[in-house]
Amino acid sequence: MAAPRLRADLLRQISQRVDRTYQEQRKKTLLVVDEAHLLDDGLLEDLRLLTNYEMDTRDPLVLVLVGHPALRLRLQRPVHQALGDRIRLSYRLEGLSKEETSDYIDCHLRHAGGKPALFKPDAREALFELAQGIPRRINALSLACLKKSAKQKTTPIDAALVRAVDTRGGEP
């Protein structure tokens, strides 16, 4: 089958494939869109069109949108209300607590063959505050700390070093 040239043709082709899979195999299609907050309005509208099934009788497509909090705000805008109305489950992942952040650091250190004492308690607290408990930020800051610590040949890592490598204003 030739690739469709028009967006409408592509959407129709995808819908037919999803429907055929559901009818013939009784299997739902799962579509996961990561970084969905980066989608432009046209693509969000296309996703709405893909979910345009008889919602009460069947649901052959499961759409999972993953993104930053800005996505929730965009889906509340009138232009995306129809897509927002189709959302049956919404989940917001919160950052780690101070204790969970410390445990997270320990776990990564253990897996890397390091010792928990590498980060002083005040460094862990600074990591938590600066990263707001968000694992990706904890990783970035911790790695920057480890690099700077190795370069300076100083251990353990303290809060001053964490603040020095803070990417929002210090050396990365």
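Mind listing whichever residues of segment 20-42 are surrounded by 10 or more Cβ atoms within 10 Å (Cβ to Cβ) and either outside the structural domain of Leu65 (by TED's automatic domain parsing) or polar (S, T, N, Q) (or both)?
Within segment 20-42, the first condition is being surrounded by 10 or more Cβ atoms within 10 Å (Cβ to Cβ), and the residues that meet it are 20-23, 27-29, 31-39, 41.
Result: Thr21, Gln23, Thr29.
Mind telling me which of the residues Asp166, Asp103 ends up being in contact with a helix residue (DSSP H, G or I) (Cβ under 6 Å, 6 or more places away or on another chain) and over 30 Å from Arg58 (Cβ atoms)? Outline the logic, then answer.
Details: Asp103 fails: in contact with a helix residue (DSSP H, G or I) (Cβ under 6 Å, 6 or more places away or on another chain).
When all the criteria are applied, what remains is Asp166.
Out of segment 73-107, which residues are more than 30 Å from Gly42 (Cα to Cα) and at pLDDT below 95? Talk me through it step by step, then tell me what you get.
Going through segment 73-107, the residues more than 30 Å from Gly42 (Cα to Cα) turn out to be 95-107.
Correct list: Gly95 only.
For Lys120, state whether it is of a type outside the set (A, V, I, L, M, F, W, C), modelled with pLDDT of 95 or more and in contact with a strand residue (DSSP E or B) (Cβ under 7 Å, 6 or more places away or on another chain). I'd like the intermediate steps shown before the answer.
Details: of a type outside the set (A, V, I, L, M, F, W, C): yes; modelled with pLDDT of 95 or more: yes; in contact with a strand residue (DSSP E or B) (Cβ under 7 Å, 6 or more places away or on another chain): yes.
Yes.
Please specify each residue of segment 20-51 satisfying the condition of being over 14 Å from Leu63 (Cα atoms) and part of a helix (DSSP H, G or I).
If the condition is that a residue be over 14 Å from Leu63 (Cα atoms) and part of a helix (DSSP H, G or I), then Arg20, Thr21, Tyr22, Gln23, Glu24, Gln25, His37, Leu38, Asp41, Gly42 are the ones that fit.
List every residue pair whose Cβ atoms sit under 9 Å apart, with the two residues 6 or more apart in sequence or on different chains, where the first one lies in segment 75-89 and is in the same structural domain as Leu44 (by TED's automatic domain parsing) and β-branched (Val, Ile, Thr) and the second, anywhere, is assigned to a helix (DSSP H, G or I) and loosely packed, with under 12 Cβ neighbours inside 10 Å.
Within 9 Å, the pairs are Val79/Asp41.
For segment 91-118, give me each residue that is part of a loop (DSSP other than H, G, I, E, B) and either over 21 Å from Thr155 (Cα atoms) or among the β-branched types (Val, Ile, Thr) (or both). Lay out the reasoning, then the answer.
As a first pass, look at segment 91-118 and keep what is part of a loop (DSSP other than H, G, I, E, B): 91-97, 112-115.
The answer is Tyr91, Arg92, Leu93, Glu94, Gly95, Leu96, Ser97.
Count, please, the residues in segment 123-142 that happen to be surrounded by 14 or more Cβ atoms within 10 Å (Cβ to Cβ) and either on the phi > 0 side of the Ramachandran plot or of a type outside the set (Gly, Ala, Ser) (or both).
13
Which residues, counting only those in segment 119-144, are under 14 Å from Thr155 (Cα atoms) and among the small types (Gly, Ala, Ser)?
Ala123, Ser142, Ala144, listed by residue number.
Conditions first: (1) surrounded by fewer than 16 Cβ atoms within 10 Å (Cβ to Cβ); (2) among the polar types (S, T, N, Q); (3) within 22 Å of Gln132 (Cα to Cα). Thr101 passes all but one, so which condition is the exception?
Unmet condition: (1).
The values are calculated or read from the model by the stated rules, or taken from the named source; none is laboratory data. Being a predicted model, the structure only gives us computed values, none of them experimental. A quick note on method: Cβ atoms are made from the backbone with ideal geometry, for glycine too, and the neighbour counts reach across all protein chains shown.
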